[in-house]
Amino acid sequence: MSDNTNTPHDSDAERGEASTLSRREMLKSLGMAGAVCAVGLTAVKGAQAALPTLSTPFSVATNEGFPLPKSPEEIWSLDYAGNLFPGMRNGPALSAFFYPATGMYIEDNGSIKVADARNSLIRNISNLGDVTIFSGSMQQYPFKDGSAVDTNFNSPNDIDKLSDGTYVVGDRENNAIRRVFADGSVKTIAGQGNCKNKYNGDQSIGTQALLNRPLTLTVARENTAWHTVDTVYFCDRDNQLIRKLVPNGDGTFAVVTVAGTPPTPGADPCGALTYYPGRVDGPTATAKFRGACGIVLSPDQRYLYIAERDNNIVRCIDLMNNVVSTYAGVLMVGQKQGAFVDGPANEARFNGCSQIDYDNAGNLYVADRFNHVIRKITPSADPMVGKMVSTYAGVPMQSGRISGPASKAKFYEPWGLSVDRKNNLIFIGDTANSRVAVIGPYKAIWAAFVERVNKSRLFEYQQLMALYQNYYRGEQMRDPQMPKSYASESTGEFSAPDGTLFSDAPRSTY
């Protein structure tokens, strides 16, 4: 069913042989994605090309045989960090391991904080393309706060940033929300880090509250029309609630329910709760949710948009009038009933809505996990109801890992999604592929990569080139119909969308 199932790999001997290939031979094997990442390329100053007539960014085609972009604005998807293998490894972004990348926060300088769930870490992808550990010990037990290297997470799923520069993390299996400081040290601000299936109502002190798999969160910034202080909204998924953290002014936070029908606690402190899941719109106090996995505030911070994995719909909460509506999708409970349909928002079908974010035009993007695609919801005149749902990237109901034009790119259970509104890019936590992918206009993607090339030596590793070569050999073996990669014989120079030429001559500076 999946293009990634039972992935064949080359032998160690073949990998060693690949690592001795020349830079140009590797570029031919790697195609466009590899060429972007091969920093043995040196800029040839003074060379210009007319951007409007640009037909290809390099003198090669992609490994999948796709024609290269005819326009710098064509939407593409490429690997940004991580590779075929789940695990834990720091270093150059495209040879680093994640397990897997889920939620992300994009810094103003272009670096990305990543919740690395099963590694129980918060990682950092620098704007130079280096992956490091920001916080966490890789240990899950015992639950404890502490310094960056001593603190323990347990499946962190999402991360956002407060106005004071500290971060908040949804620590799913610890049933807690953690605050991470600039030095990576951690302090719990909500939840008790104990067994799941617990609920004890709202609490004035967050660490006295019992949470049940808090997954995703979003921060309402202070000094807006609707929020005078930073407020953290989060999905208390298995309690079927949307809740918020409100600062008390002394470093602590109160836990307050925003919407949903609270469960009835069982007699055993860690025993089963009586849940009231469902899909009920209307007043927030009587609304019902099922498996809320994504949450984002509207640009004006008045509306909350909720992606529900188990109801396969997107909901909207009006924070002023305290009312819930269905924004997009048709109620179909669970993965087996989920489906794929583009079209008017009230007729669209999803399957496993996960994280959600918006762009500068107010469009919402949804990681449609079990359909293996990224969906786009255009707004209507009514902020409580979406207009149209379309597929922004991916091949519906086909899993895999292919870079290329958005309509032909493949993902495998994408979960994380974060929009870089500054650079018009969307970053995807492509969980079953253990990578971070980037989607956007080809020119914008190129700019992100060329920034790495110009400022860093991190990709000057033939091992990385060999990894990519082995991966694409695997793609050929799995899909005999896939066109073989090809490259024109050239002088070894490649032109970027901005007209700069790159040569495969060795770099002299780093």
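What follows draws every value from the coordinates through simple rules; no lab data is involved. A quick note: this is a predicted structure, and the numbers were derived from the prediction, not measured. Using ideal geometry, Cβ is built from the backbone for each residue, glycine included, and neighbour counts are taken over all protein chains shown.
Farthest towards the positive end of the charge dipole of segment 140-200, among the residues Asn200, Phe181, Ala148, is the Cα of Asn200, using unit charges on the Cβ of Lys, Arg, Asp and Glu. When every Cα-Cα distance of segment 74-212 is counted in 5 angstrom steps from zero, the calculated P(r) takes the values 2, 11, 20, 22, 19, 12, 7, 4, 2, 0, 0 percent.
Remark on segment 63-110: hydrodynamic radius 13.4 angstrom, per the Kirkwood mean of 1/r across alpha carbon pairs. If I model a spin label at Thr286 and Gln335 as a point 7 Å from the Cα along the Cα→Cβ vector, what separation in nanometres do I get? Label-label distance for Thr286 and Gln335, simple model: 3.5 nm.
What would the Debye formula give as log10 I(q)/I(0) at q = 0.22 Å⁻¹ for the alpha-carbon point model of segment 240-379, no solvent? Scattering profile of segment 240-379, log10 relative to I(0): -1.34. For segment 164-254, the extents of the C-alpha atoms along the principal axes are 35, 30, 22 Å, listed from largest to smallest. Compute the distance from the alpha-carbon center of segment 387-408 to that of segment 132-148, in whole Å. After rounding, the separation between the Cα centres reads 36 Å. Using the Cβ of Gln337 as centre and a radius below 14 Å, the other residues enclosed give a net charge of +3, where K and R count +1 and D and E count -1. Taking 0.36 nm per residue of separation and subtracting the current Cα-Cα distance, fully stretching the chain between Thr224 and Lys187 would add 10.7 nm.
Mind scanning Lys161/Lys198; Lys376/Lys410; Lys144/Lys187; Lys144/Lys244; Lys376/Lys408; Lys70/Lys408 and naming the pairs with a C-alpha gap bigger than 18 Å? Exceeds cut-off: Lys161/Lys198; Lys144/Lys244.
In this label model, Lys144 and Thr166 are separated by 2.0 nm, measuring between points 7 Å along each Cα→Cβ vector.
With unit charges on the beta carbons (Lys and Arg positive, Asp and Glu negative) and the dipole taken about the Cα centre of segment 60-136, which residue among Ala96, Pro72, Ile112 sits farthest to the positive side? Comparing the listed Cα positions along the dipole, Ala96 ranks first.
Compute the separation of the alpha-carbon centres of segment 71-117 and segment 341-362 and state it in Å as a whole number. Cα centres, segment 71-117 to segment 341-362: 23 Å.
Full extension of the segment from Thr252 to Asn346, taken as 0.36 nm per residue of separation minus the current Cα-Cα distance, would add 29.8 nm. Placing unit charges on each Cβ (+1 for Lys and Arg, -1 for Asp and Glu) gives segment 223-268 a dipole about its Cα centre, and among Phe253, His227, Ile242 the Cα reaching farthest toward its positive end belongs to His227.
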